Amino acid sequence: MMYLFTPVGLAALHAFATGSTLYAFDLDGTLAPIVADPAGIAIPDEVRRCLIQLNSMAPVAVITGRSRTDALNHLGFTPHCLVGNHGAEGLPGEDAADHDFIRLCQGWKEQLKLLLPDMPARGISLEDKGETIALHYRHAPDTGKARGSIVTAIARLTPAPRIVSGIFVENITPRDAPHKGEAVEILMRLRGCCRAIFVGDDVTDEDVFRLGNPTILGIRVGRDEESRAGYYLQGQHEMIRLLREMIALHERR
Ligand SMILES: [Mg+2]
């Protein structure tokens with residue numbers, strides 16, 4: 001992977017910023033710095049200002065693991081496309097599937113109450129996000145033990161979910177739910193975009209990078225040689241510069 005702010009990286013950005021480009025972003029760790037308690041994330045004012053400006057010039061999508069309602073509270077504006085629950089919530093035309101995913105999660109929630117009867121005592125909290133469920137163990141007295149009991153319980157769920165591990169959290173999502181990569185491709189099709197630029201930092205963002213789709217420019221926040229993204233930013237603090245570059249390219253067009 002190559003640093004984005006080099007002549008070669010900027011040339012790639014320039015080539016992808018066309019009149020029909022979808023600008024897609026993850027939220028936590030990408031638009032907002034990571035904080036110890038995910039409830040406390042805050043999008044820096046200048047990032048929000050730039051995003052709103054870009055959103056007025058081109059289709060902007062935010063694709064996040066949070067529920068759409070939760071994400072909207074943090075964003076403070078409505079992007080053209082907002083997809084929640086790692087791709088499972090809010091894709092246009094997928095309402096019927098959304099309902100199936102919610103029903104699956106309600107079933108898993110009931111099973112988990114029986115499989116993990118003493119969640120509060122173990123320091124585990126279940127977050128019902130509608131189309132997916134998150135099991136948090138950040139505040140467990142023994143995080144290793146808490147994670148072990150969560151993994152054991154998830155293995156017994158029927159039907160088996162897809163597991164997405166995060167920092168002090170295990171997410172379960174319906175196997176048929178679109179992942180972030182599929183979400184980007186569906187949004188491109190629906191918006192008639194022949195290019196997309198996707199920026200993210202998560203394990204789930206690799207679902208976009210690993211598509212190897214030549215019409216999607218993948219940019220990872222933070223260098224990671226294991227990542228399949230073509231380019232990287234040195235950190236979340238460089239989002240402002242990236243957004244300004246995107247806006248400048250549009251203004252020049
Ligand atoms: Mg992230």
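The values are calculated or read from the model by the stated rules, or taken from the named source; none is laboratory data. All of these numbers come straight from a predicted model, not from anything done at the bench. Virtual Cβ from ideal backbone geometry, glycine too; neighbours counted across all protein chains shown.
Would you mind stating whether Thr6 is closer than 17 Å to Glu238 by Cα and among the β-branched types (Val, Ile, Thr)?
Yes; evaluated as a whole, the condition is true for this residue.
Residue count for the stretch 81-99, restricted to those that are in a loop (DSSP other than H, G, I, E, B) and in contact with a Gly (Cβ under 8 Å, 6 or more places away or on another chain): 1. Right, Thr78: outside any helix (DSSP H, G or I), more than 15 Å from the ligand (Cβ to nearest atom) and either on the phi < 0 side of the Ramachandran plot or out of contact with any strand residue (DSSP E or B) (no Cβ under 7 Å at 6 or more places or on another chain) (or both) or not? Spelling it out, Thr78 is indeed outside any helix (DSSP H, G or I), more than 15 Å from the ligand (Cβ to nearest atom) and either on the phi < 0 side of the Ramachandran plot or out of contact with any strand residue (DSSP E or B) (no Cβ under 7 Å at 6 or more places or on another chain) (or both). Among the conditions (1) surrounded by fewer than 22 Cβ atoms within 10 Å (Cβ to Cβ); (2) within 16 Å of the chain's Cα centre (by Cα); (3) over 30 Å from Ile150 (Cα atoms); (4) within 13 Å of the ligand (Cβ to nearest atom), Met239 misses just one, which is (1).
The stretch 111-228 holds helices (runs of 4 or more DSSP H) entirely within its bounds, and those carrying 2 or more residues that are within 16 Å of the ligand (Cβ to nearest atom) and in contact with a Gly (Cβ under 8 Å, 6 or more places away or on another chain) map to 180-191, 206-209. May I ask you to list the residues in the stretch 177-202 that are touching a helix residue (DSSP H, G or I) at 6+ places or on another chain (Cβ under 7 Å) and either under 15 Å from Ala97 (Cβ atoms) or among the aromatic types (Phe, Trp, Tyr) (or both)? Answer for the stretch 177-202, where residues must be touching a helix residue (DSSP H, G or I) at 6+ places or on another chain (Cβ under 7 Å) and either under 15 Å from Ala97 (Cβ atoms) or among the aromatic types (Phe, Trp, Tyr) (or both): Ala177, Pro178, His179, Glu182, Ala183, Phe198.
Would a scan of the stretch 65-80 turn up a residue that is of a type outside the set (Ser, Thr, Tyr), within 20 Å of Tyr231 (Cα to Cα) and either surrounded by fewer than 13 Cβ atoms within 10 Å (Cβ to Cβ) or touching a residue at least 24 places away in the same chain (Cβ under 8 Å) (or both)?
Within the stretch 65-80 (the criterion being of a type outside the set (Ser, Thr, Tyr), within 20 Å of Tyr231 (Cα to Cα) and either surrounded by fewer than 13 Cβ atoms within 10 Å (Cβ to Cβ) or touching a residue at least 24 places away in the same chain (Cβ under 8 Å) (or both)), the answer is no, since none of the residues qualifies.
In the stretch 14-57, what residues are surrounded by fewer than 19 Cβ atoms within 10 Å (Cβ to Cβ), in a loop (DSSP other than H, G, I, E, B) and more than 16 Å from the ligand (Cβ to nearest atom)? Those that are surrounded by fewer than 19 Cβ atoms within 10 Å (Cβ to Cβ), in a loop (DSSP other than H, G, I, E, B) and more than 16 Å from the ligand (Cβ to nearest atom): Thr18, Gly19, Ser20.
Listed by first and then second residue, the pairs with beta-carbon distance under 6 Å, at least 6 apart or on different chains, first residue in the stretch 206-221 and assigned by TED's automatic domain parsing to the domain that holds Met239, second of a type in the set (D, E, K, R) and within 13 Å of the ligand (Cβ to nearest atom), are Asp207/Lys180; Val208/Lys180; Val221/Asp201. Small (Gly, Ala, Ser), touching a helix residue (DSSP H, G or I) at 6+ places or on another chain (Cβ under 8 Å) and within 22 Å of Tyr23 (Cα to Cα), is that true of Gly212? In short, no.
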